[in-house]
Amino acid sequence: MSGASTGGNWVDVARIEDAEPADAADKARQEHRRRIKQALGAVLGSEQLVALIGLGASAAVGGPKMSDLWKKVRDKDTKSFAAIQVKVGDTTPLTGTGDIEALLSKCQVLANTPVGPDATVGPFIASAEKIIADACHGYVDTADLSSHEHLLRILARRPQGKPRTRIFTTNYDLCIERAAANSGAIIVDGFGRESIPIFDGTNFDIDFVRRRIESKGPEFIDGVVLLAKLHGSVDWAIERNQIVRRDRPTAPVIIYPRSDKFELTYRQPFLEMMSQFQSALRQPSLGLLVVGFGFADAHLSEMILSAVKRNLSLRVVVATLQCEQHCDPASEWAYRPKIHLLQQLVAQGDSRITLLDLSFFSFVRLLPDIGTETEEDKLRSVLRKLIT
């Protein structure tokens, strides 16, 4: 943990639960855990609640990491893979693990060469993209999504009168959708209710209400969340110039790990998703949960940092593995300048920010349940019964 209460220093709180502390060190860790839950409670209780869920949440339940994608693409045809490495100047040993994003970026540059493009690069890119899409789809059927389900239940349970939670994710897979179905949460994701759902940004304005015969007006249904998939999804396809949802499309609409992914975010439907995220970060009295996101995506990282600097009513909790290394310039392989800037703000005493170096499972276990009805909610419920 790194927060204003620790002076920006990293403090280990993982080894002490809520039991009676055995010594002064345990007592200090227990106090820090109390402060973590206090920070989480403040974020969850904010007027506006936004969650950004990154790769760490999917990797925790068996989703492929970048290193796994490298191995899957390599192992499909090692001879062709080695030949592509030579052509693009990738020096990673064939038995090693390299940067799949850097490799595909070099391939894309070579494929777009106006004079004499290499005929083997295009098929390699297409094959690699299919392998990546398949890897991000298949594992969900057997994954243990209980932690995702618990997270969804907490995020979806908002006091009456407060806006719905907005969830944004960089993941292509269907973990969130499957967890929502298992936990009873309802997702508004920009797709219509047609037999073949079609994406339209105006669908984010749709909500769910219940109409009772004995009631004079509609009642908003509990457990609804808004979901925007910033990098696309394995079940999106393009048909007749429209984005539709299909079970297993042959060419999923996703932003693959390449250097041109930032340019692709300015095309629909990704532009709509990014606009939604940027707009959400500007809302007053905002609570932001950043889970499993390592701040490697410069575009999204800059949006978050800008919001922290400009939205003074924002409270943010960042929870990701290796968060401490991401903040350390000496950790060349893990260093993330944007999250380091957040830690510098923490060290300066900014109590709005809390940084947690922990797994997705550990983070979910720490979440306080604040979904119980407040006195204000009870009063509102009584008044509603009196006038209906």
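The values are calculated or read from the model by the stated rules, or taken from the named source; none is laboratory data. Quick caveat, the model's predicted, so the values are computed rather than measured. Glycine also receives a Cβ, built like all others from the backbone with ideal geometry; neighbour counts cover every protein chain displayed.
Only one entry in VAL61, VAL50, VAL43 is within 28 Å of PHE360 (Cα to Cα), part of a loop (DSSP other than H, G, I, E, B) and among the aliphatic types (A, V, I, L, M), namely VAL61.
All of GLY349, GLY292 fail the test of being more than 19 Å from the chain's Cα centre (by Cα) and touching a residue at least 60 places away in the same chain (Cβ under 8 Å), apart from GLY349. Which of the residues belonging to region 318-338 are in a helix (DSSP H, G or I) and either charged (D, E, K, R) or modelled with pLDDT of 90 or more (or both)? Passing the criteria: GLU324, LYS338.
Quick grid of which residues meet (1) among the charged types (D, E, K, R); (2) modelled with pLDDT under 90; (3) in contact with a strand residue (DSSP E or B) (Cβ under 6 Å, 6 or more places away or on another chain):
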position: SER2; (1), (2), (3): no, yes, yes
position: THR6; (1), (2), (3): no, yes, no
position: VAL13; (1), (2), (3): no, yes, no
position: ILE16; (1), (2), (3): no, yes, no
position: GLU31; (1), (2), (3): yes, yes, no
position: SER67; (1), (2), (3): no, no, no
position: ALA83; (1), (2), (3): no, no, no
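Give the residues of region 172-196 that are of a type in the set (S, T, N, Q) and within 16 Å of ALA237 (Cα to Cα), sorted by residue number.
Matches in region 172-196: SER195 only.
On the stretch given as region 300-323, residues that are surrounded by fewer than 18 Cβ atoms within 10 Å (Cβ to Cβ) and either under 20 Å from VAL364 (Cβ atoms) or aromatic (Phe, Trp, Tyr) (or both) total 1.
In the set (1) in contact with a strand residue (DSSP E or B) (Cβ under 7 Å, 6 or more places away or on another chain); (2) of a type outside the set (D, E, K, R); (3) not in a helix (DSSP H, G or I), GLN343 fails one condition alone, (3). Looking across ASP297, ASP350, one residue alone is buried (at least 20 other Cβ atoms within 10 Å of the Cβ), at pLDDT below 95 and assigned by TED's automatic domain parsing to the domain that holds SER46. It is ASP297.
When each of PRO329, PRO284 is tested for being closer than 22 Å to GLN38 by Cα, surrounded by fewer than 17 Cβ atoms within 10 Å (Cβ to Cβ) and of a type outside the set (Phe, Trp, Tyr), the lone residue that passes is PRO284.
Selection of region 127-170 for residues being closer than 20 Å to GLY190 by Cα and among the charged types (D, E, K, R) yields ARG164, ARG166. Of all residues in region 213-231, those that are in contact with a strand residue (DSSP E or B) (Cβ under 7 Å, 6 or more places away or on another chain) and more than 29 Å from CYS136 (Cα to Cα) total 4.
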